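Report on one structure; see the data block that follows.
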Amino acid sequence: MQDNTIKYCKISLEEVNYSDKDFYRNNDKADMITFAKKIYKSLEIDYPKFYKMDLLAKLGFLSTEILFQKAELSVEEKENLALFMLSSYSSLSTDCNYQATLGDDFFPSPAVFVYTLPNIVLGEICIRHKIYGENTCIISENKNNENFINIIDSTYSTSDTNHAIVLFVDEFNDINYAEAYLINRSNYKNLKQIIN
């Protein structure tokens, strides 16, 4: 990857945007679950586990999938890639769904339980793309969280990682979005200026 600009993919209920270019629009005004399935089909990938993921994992998965398709990282660059995720609501939506399955007979759904951890999003991405680098999940309301920025800084100063994806993802009630930024050693300090 020679280009030194920060590439990104943003998914909202209205559209998918790749580095300021419309990638896919929600012209049918579908709900987020339906829109996520349409995005997946438009990518023409075959990953049946997608249908088992909760919406938080789907949004994170789709935003990074688009970045990988566009950025054309080598296998070696992917293997050593670091993943950083920040979420405000974490897996709260799935946690509530899981709690609702806890009845008097106490037979909760194990299919829902898997996604009651927010870092499962990172696991799904790492498994799909064979990523072995560092990954970190932070729960915070603030994208410019200083601790989060310090973790990225520390990773670049103490490891041989050259590329990283910073993922902001949330899904709870009417909040549904994912933003994935592909950064490298040369441009990562500019990330703080472009996130809002």
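The values are calculated or read from the model by the stated rules, or taken from the named source; none is laboratory data. All of these numbers come straight from a predicted model, not from anything done at the bench. Quick reminder, even Gly has a Cβ in these numbers, built from the backbone with ideal geometry, and neighbours come from all protein chains shown. Quick note on the areas: whole protein, heavy atoms, side chains included, nothing else; ligands and nucleic acids left out. Shrake-Rupley method; radii C 1.70, N 1.55, O 1.52, S 1.80 Å.
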Exercise for the section: Output the qualifying pairs, or none if there are none: Cβ atoms under 7 angstrom, residues six or more apart or on different chains, first residue in segment 20-33 and over 29 Å from Ile194 (Cβ atoms), second residue assigned to a strand (DSSP E or B). Expected result: none
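Do you know which of the residues in segment 128-165 that are touching a residue at least 40 places away in the same chain (Cβ under 8 Å) and assigned to a helix (DSSP H, G or I) is most open to solvent (accessible area, probe 1.4 Å)?
So the residue we want is Arg128.
If you scan segment 67-106, which residues turn out to be acidic (Asp, Glu), touching a strand residue (DSSP E or B) at 6+ places or on another chain (Cβ under 9 Å) and not in a helix (DSSP H, G or I)? First the steps, then the outcome.
First pass over segment 67-106, keeping only residues acidic (Asp, Glu): 72, 76-77, 79, 95, 104-105.
Those left that are additionally touching a strand residue (DSSP E or B) at 6+ places or on another chain (Cβ under 9 Å): 77.
The answer is none; no residue qualifies.
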Exercise for the section: Being in contact with a Lys or Arg (Cβ under 8 Å, 6 or more places away or on another chain) and among the hydroxyl-bearing types (Ser, Thr, Tyr) is the filter; apply it to segment 174-188 and report the residue that is least open to solvent (accessible area, probe 1.4 Å). Expected result: Tyr181
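Evaluate segment 87-105: report whether one residue or more is in contact (Cβ under 8 Å) with a residue 60 or more places away in the chain, open to solvent by 60 Å² or more (accessible area, probe 1.4 Å) and closer than 29 Å to Ser159 by Cβ. Lay out the reasoning, then the answer.
Filtering segment 87-105 for residues in contact (Cβ under 8 Å) with a residue 60 or more places away in the chain gives 87-89, 92-93.
Next, from what is left, pick out any that are open to solvent by 60 Å² or more (accessible area, probe 1.4 Å): 89, 92.
Subset that is closer than 29 Å to Ser159 by Cβ: none.
Checked segment 87-105: no residue is in contact (Cβ under 8 Å) with a residue 60 or more places away in the chain, open to solvent by 60 Å² or more (accessible area, probe 1.4 Å) and closer than 29 Å to Ser159 by Cβ.
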Handout entry: Near pairs, Cβ below 9 angstrom, 6+ apart or cross-chain, from segment 167-196 (in a loop (DSSP other than H, G, I, E, B)) to any residue that is open to solvent by 50 Å² or more (accessible area, probe 1.4 Å)
Key = Asn173/Tyr89; Asp174/Leu13; Arg185/Asn162; Ser186/Asn4; Asn187/Asn4; Asn187/Thr5
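Tell me whether segment 55-65 contains one or more residues that are part of a loop (DSSP other than H, G, I, E, B) and buried (at least 18 other Cβ atoms within 10 Å of the Cβ). Break it down into steps so the answer makes sense when it comes.
To start, the set of residues in segment 55-65 that are part of a loop (DSSP other than H, G, I, E, B) comprises none.
So far as segment 55-65 goes, no, none of its residues is part of a loop (DSSP other than H, G, I, E, B) and buried (at least 18 other Cβ atoms within 10 Å of the Cβ).
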Practice task
Check Ser42 against each of (1) open to solvent by 40 Å² or more (accessible area, probe 1.4 Å); (2) under 22 Å from Tyr188 (Cβ atoms); (3) touching a Phe, Trp or Tyr at 6+ places or on another chain (Cβ under 7 Å); (4) not hydrophobic (A, V, I, L, M, F, W, C) and name the one condition it does not meet.
Solution key: (2)
Completion exercise
Picked from segment 110-127 (must be part of a helix (DSSP H, G or I) and under 15 Å from the mean Cα position of the chain (by Cα)), the residue farthest from Glu179 (Cα to Cα) is Ile127
Problem - Unique residue being under 14 Å from Leu86 (Cβ atoms), under 16 Å from the mean Cα position of the chain (by Cα) and not hydroxyl-bearing (Ser, Thr, Tyr) when the list is Phe172, Phe168 - result: Phe168
Completion exercise
If you go through Asn80, Asn142, the only one that is within 19 Å of Asp170 (Cβ to Cβ) and out of contact with any helix residue (DSSP H, G or I) (no Cβ under 6 Å at 6 or more places or on another chain) is Asn142
